[in-house]
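Report on one structure; see the data block that follows.
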Amino acid sequence: MDRDTQDGLAIPPDLLEMTPEQLRTLGYWVVDRTIEHLKTLDARPAITPGSATELLAALGGTPPIAAGDVVADLNLLADVALEHQQHGDHPRYFARVPGPSSPAAILGDWLATGMQSVASSWGGGSGPTTIELVTLSWLRDALGLAPTSEGVMLSGGSMANATAFMAARSRQGDGVIYMTDQTHASIKRALLAFGQPESEVRMVATDAQFRMDPQALREEIARDLAAGRTPAIVVGTSGTTNTGAVDDLEELRAICDDHGMWLHVDGAYGGPVALGHRGRTLVTDLNLADSFVMDPHKWLFQPYDLACCYVAHEGLLHETFAMYPEYLADVSGEEVDMSNRSLELSRRSRAIKLWLTLRTYGLDTLGSAIDRGIALAEYAQALVDQSPVFETFTPAQLGIVTFTAPQADDAAHRRAATALTADGYAAVTSTTLRGRTVLRLCTINPKTTTEDLDGTISRLARFVVESS
Ligand SMILES: *Cc1c(COP(=O)(O)O)cnc(C)c1O
């Protein structure tokens, strides 16, 4: 029991309290509203763009000084704030990379939030830490990563790649880093922000399938060695965001071994494919990576945000990131302080949702759900090949197909993607490959049907003809 006064000091009551009944009623409202969202999504637009003026008028205003009406504001959040966005969970959201989260993952994330999950230190979060370590080791084995790999969960591929580079640099020191123009743009951004000189970043040529050309890599390395520079890191990609291209990791590993270099593999998009039954024949050799990244919020059916970063050298994450304030005395063995594996100290348990997803569906079913995304892109390619308007630009690979209308110019392709997205039926983006604007579909949502793809390709054909 709080005493209201002590030595004449008045302690105000807790004003933030809700009664259990109030919270229960509002909580059920949140659950019902979320289910309504999921149930009606198919009939609503895949992206709802917003006007800055209208959104500011609805959501802004002067700072709220007095208490408000929580029910009205929950409605405002659901109907306005959360409505105006790309719905990455929409069955016809094919733009960039969809985010088809799954019911089990949503439940896990809700529970983790309600119970203020924390996975910073062993002492302060042994349960959530165990969940993170267990989840990372299940995925390590299922993906076929090196058994020595240790991991940490981060907000996304950008942060996970950056974390891997910090670990790589602490082992390799300064030196030249090799990537291609198909490497995700966030990687070069991170490297430059960490002080990697632009003069020590190489864009290696790609082959006809947009994979890093191993011969071109050897030549770049030879040039750098001749100029007295130190080759340090090769960035391979298992599933590029543009076309789903998979670099030949065996070749890249051999080159790295010849020069004492580090092989980083970005599987932010394509990594989960190695969990598929067919997929594991398409994304292979992940055990050859010194470090590896993948984004479960892309193709492992998780709500934002969640990425996994693995480093294959035992203890290196800890060596790179350990800090020892007195109040966080380190403990050894299984009792890991996750805050010693990246730059994040206070951190929620992102693993709870993924652990529950793996346990609820099982790796077997999840693998089939991933394979389905691969097959949907192949179906889309068949539609493109039958279409009198389109032809395939890059064949379906890892759930991505790109195509063009040979008689239409680049601007007409961009207009067709914009028109379809504005129409609301589906969301599609164009991308640029070898200087050409191409249409691109990313089909990783297990809810997508063949009718969805029929409707999307036929509408795109109409829009591209109309806008040329
Ligand atoms: C999406 C993506 C990233 C960046 O991941 P975020 O989660 O958006 O930070 C990095 N690499 C690849 C290949 C990606 O597809």
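Of the residues making up the range 156-187, those that are closer than 30 Å to Q302 by Cα, in contact (Cβ under 8 Å) with a residue 60 or more places away in the chain, more than 7 Å from the ligand (Cβ to nearest atom) and of a type in the set (G, A, S) are A160, A164, A167, A168.
The residue that is modelled with the highest pLDDT, among those in the range 325-334 that are loosely packed, with under 14 Cβ neighbours inside 10 Å and among the acidic types (D, E), is E334. Quick test for you: out of L82, L74, L133, L111, pick the one residue that is under 22 Å from D337 (Cβ atoms) and away from the ligand (no atom under 16 Å from the Cβ). None of the other options fit; the residue is L133. Exactly one residue out of A208, A216 is without any contact (Cβ under 8 Å) to a residue 40 or more places away in the chain, over 26 Å from the mean Cα position of the chain (by Cα) and not in a helix (DSSP H, G or I), and it is A208.
Does L192 count as of a type outside the set (G, A, S), over 16 Å from F292 (Cβ atoms) and either without any contact (Cβ under 8 Å) to a residue 12 or more places away in the chain or away from the ligand (no atom under 16 Å from the Cβ) (or both)? Judged against the criteria, L192 is a match. So, L217, is that one crowded, with 18+ Cβ neighbours inside 10 Å, farther than 27 Å from L343 by Cβ, away from the ligand (no atom under 16 Å from the Cβ) and at pLDDT 95 or above or not? So L217 passes the test. Taking first residues from the range 260-281 that are farther than 15 Å from A375 by Cα and of a type in the set (V, I, T) and partners that are away from the ligand (no atom under 15 Å from the Cβ) and outside any strand (DSSP E or B), the Cβ contacts under 9 Å between residues at least 6 apart in sequence or on separate chains come to V265/L252; V265/D285; V265/L288; V265/D290. Of R92, R96, all but one fail to be over 27 Å from L358 (Cβ atoms) and within 22 Å of the chain's Cα centre (by Cα); the exception is R92. Of all residues in the range 275-297, those satisfying the criterion of being in contact with a strand residue (DSSP E or B) (Cβ under 9 Å, 6 or more places away or on another chain) and either within 16 Å of the ligand (Cβ to nearest atom) or among the polar types (S, T, N, Q) (or both) are L282, V283, T284, L286, A289, S291, F292, V293, M294, D295, P296, H297. Within the range 251-304, the set of residues being part of a helix (DSSP H, G or I), crowded, with 19+ Cβ neighbours inside 10 Å and small (G, A, S) comprises G271, A274, G279.
Here T241 meets each of (1) assigned to a loop (DSSP other than H, G, I, E, B); (2) buried (at least 24 other Cβ atoms within 10 Å of the Cβ); (3) away from the ligand (no atom under 15 Å from the Cβ) with one exception, condition (3).
Cβ separations smaller than 8 Å between residues 6+ apart or across chains give the following pairs from the range 305-318 residues that are under 10 Å from A164 (Cβ atoms) to residues that are buried (at least 21 other Cβ atoms within 10 Å of the Cβ) and basic (K, R): Y310/R140; L317/R341. Considering (1) within 15 Å of the ligand (Cβ to nearest atom); (2) under 21 Å from the mean Cα position of the chain (by Cα), the lone condition that E150 does not fulfil carries the number (1). Within the range 132-148, being hydroxyl-bearing (S, T, Y) and under 20 Å from Q302 (Cβ atoms) holds for T135, S137.
The values are calculated or read from the model by the stated rules, or taken from the named source; none is laboratory data. From a predicted model like this one, the values you see are computed outputs, not experimental measurements. When we count neighbours, we look across all protein chains shown, and the Cβ atoms used for this are built from the backbone with ideal geometry, even at glycine.
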